[in-house]
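Novice: Just dropping this structure here.
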Amino acid sequence: MYEFNYQSPKSLAEATQAIAQAEDGKILAGGMTLVPTLKQRLARPSDLIDLGRIPDLKGIRRDGDTVTIGAMTTHAEVGASSLVQQAIPGLAWLAGNIGDPAVRNRGTIGGSISNNDPAADYPAALLALGATVHTSKRQLAAADFFVGMFETALEPDEIVTAVAFPVPQKSGYQKFRNPASRYAVVGVFVAKTAAGVRVAVTGAGPSVFRVPEFEAALDKNFAAAALDGLTIPADDLNADIHASAEYRAHLVTVFAKRAVQALA
Ligand SMILES: Cc1cc2nc3c(=O)[nH]c(=O)nc-3n(C[C@H](O)[C@H](O)[C@H](O)COP(=O)(O)OP(=O)(O)OC[C@H]3O[C@@H](n4cnc5c(N)ncnc54)[C@H](O)[C@@H]3O)c2cc1C
């Protein structure tokens, strides 16, 4: 680990000032990704701005048909929240099945989406549910937030403060886990809303994406059988030691069907 200045602001205003003034500052949330990166000397920030002592960034609330989750809320808190379990059960299940207990008790929703790991679970929920990302500067639709592999629309001094999820009629998530890390080799989130069905896939491609053909079929008939014979092309999918692109394409249909089956 290289040397850095550690800062622990007590408010969002202090944090935004600290990140704006730092020469090459980095936000620290749960540290589950950032700390190993620093230990391996893969990054050399001048300052770490720890969001851990800003109470306003934590917590879950419901206002009408919107559930808002503070950026520093841990995966364990989202998974155990009776409010989320009732309003968006697919989201609660997703959060409760991220990594292992240590990761779930430190990792945060803000850290996860800011990192935009192609195998992370949350991006699928944000895209399928049509969530809005609140930052220190603006509000962004999930579709505009996730830009590419480990890439988001965030500016270097911009901080995610919360994520707002519209409450769907039904929601479900199924994933094919990497057996060691539990990251999604493929994860599929299905949301049934008044405006139609949305299907978002993580793990399979460089960044999260929707599957319009599946959505159209499920709009006509919300049943796993509606996806019979439908597949996505393997062309632009990820291939690594865990799964080939073709296998990932196959898993997308299998896990989309499982998600629908669990809901239908
Ligand atoms: C062993 C292991 C297994 C895992 N398994 C899974 C899994 O199954 N599924 C899954 O989805 N994830 C998994 N993860 C990732 C984990 O869930 C964390 O969400 C992830 O590491 C990042 O969250 P964090 O809060 O720890 O962020 P940090 O590590 O603190 O930060 C990550 C990055 O985001 C930036 N950042 C953090 N918060 C903000 C913010 N509010 N605004 C702007 N930028 C910010 C940081 O500067 C940094 O670049 C796993 C991690 C580990 C180590």
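The values are calculated or read from the model by the stated rules, or taken from the named source; none is laboratory data. Because the structure is predicted, anything quoted here is derived from the model rather than measured. Cβ: placed from backbone, ideal geometry, glycine included. Neighbour counts: every protein chain shown. Each accessible area value is taken on the protein alone, full model and side chains, heavy atoms only, with ligands, DNA and RNA left out. Shrake-Rupley method; radii C 1.70, N 1.55, O 1.52, S 1.80 Å.
Novice: With Rg and the Kirkwood Rh both taken from Cα atoms, where does Rg over Rh land for region 76-172? All intermediate terms of the calculation are to be shown ahead of the outcome.
Specialist: Details: Rg = 12.8 Å, Rh = 13.6 Å.
Ratio of gyration radius to Kirkwood radius: 0.94.
Novice: Report the extension gain between A216 and A13 in nm, rounded to one decimal, defined as 0.36 nm multiplied by the number of residues separating them, less their alpha carbon distance.
Specialist: Numbers: separation 203, 0.36 × 203 = 73.08 nm, distance 4.41 nm.
Between A216 and A13, full extension yields an extra 68.7 nm.
Novice: Looking at the chain, which longest stretch skips every one of the chymotrypsin sites (Phe, Trp or Tyr not before Pro) that is in a DSSP loop with at most 16 other Cβ atoms within 10 Å, leaving the sites themselves out?
Specialist: On the way: sites that count: Y2, F150, F222.
Here the longest segment lacking exposed loop sites spans 3-149.
Novice: What FRET efficiency would be calculated for the residue pair Q40, E155, taking the C-beta separation as r and a Förster radius of 25 Å, to the nearest 0.05?
Specialist: Values: r = 26 Å, r/R0 = 1.03.
Efficiency, from the Cβ-Cβ distance: 0.45.
Novice: Restricting to Cα pairs below 8 Å that are 6+ residues apart, what does the relative contact order work out to for region 60-114? Please round to a whole percent.
Specialist: Working: 72 pairs, mean separation 21.3, N = 55.
Relative contact order for region 60-114 comes out at 39 percent.
Novice: Express in whole angstrom the spacing between the alpha-carbon centres of region 186-230 and region 51-104.
Specialist: Each part's Cα centre sits 23 Å from the other's.
Novice: Give me the three principal axis extents of region 40-93 from the C-alpha atoms, as integers in angstrom, largest value leading.
Specialist: 42, 23, 15 Å, listed from the longest principal axis down.
Novice: Roughly how many Å² is the accessible area per residue of region 1-78, as a whole number, for a 1.4 Å probe?
Specialist: Details: 4370 Å² over 78 residues.
Counting only protein heavy atoms, the per-residue value for region 1-78 is 56 Å².
Novice: Now for a separate question. Just tell me the longest site-free run in the chain, where the sites are trypsin sites (Lys or Arg not before Pro) in a DSSP loop having at most 15 other beta-carbon atoms within 10 Å. Intermediate values should be presented prior to the final figure.
Specialist: Numbers: sites that count: K10, R41, R53, K137, R138.
In the chain, the maximal stretch lacking such sites is 139-264.
Novice: Give me the dipole magnitude in Debye, nearest 20, for region 1-105 about the Cα centre, with unit charges on the beta carbon: positive for Lys and Arg, negative for Asp and Glu.
Specialist: Values: 10 positive and 11 negative charges, 44 e Å.
That gives a dipole near 220 debye.
Novice: Something else: Summing -39500 (n - 2.57) over the DSSP H runs of n ≥ 4 in the chain and dividing by its residue number, what mean residue ellipticity at 222 nm do you reach, to the nearest 500 deg cm²/dmol? Please report the intermediate quantities before stating the final value.
Specialist: On the way: 11 runs with 89 residues, N = 264.
Taken over the chain, the calculation gives -9000 deg cm²/dmol.
Novice: Something else about it: Which of L51, A125, Q261 sits farthest toward the positive end of the charge dipole of the chain, with +1 on the Cβ of Lys and Arg and -1 on the Cβ of Asp and Glu?
Specialist: Towards the positive end, the residue furthest out is Q261.
Novice: Could you work out, for the chain, what percent of all Cα-Cα pairs fall into each 10 Å distance bin, beginning at 0 Å and stopping at the bin that holds the largest distance?
Specialist: Spelled out bin by bin, the chain gives 7, 31, 36, 19, 6, 1 percent.
Novice: How large, in percent, is the carbon and sulfur part of the accessible surface of region 18-172 at a probe radius of 1.4 Å? List each step's numbers first, then the result.
Specialist: Numbers: 3130 of 6550 Å².
So the carbon and sulfur contribution to the accessible surface is 48 percent.
Novice: A follow-up question, please. If you count only protein heavy atoms with a 1.4 Å probe, what accessible area per residue comes out for region 102-208, rounded to a whole Å²? Before the final figure, lay out each step's value.
Specialist: Numbers: 3720 Å² over 107 residues.
The answer is 35 Å² per residue.
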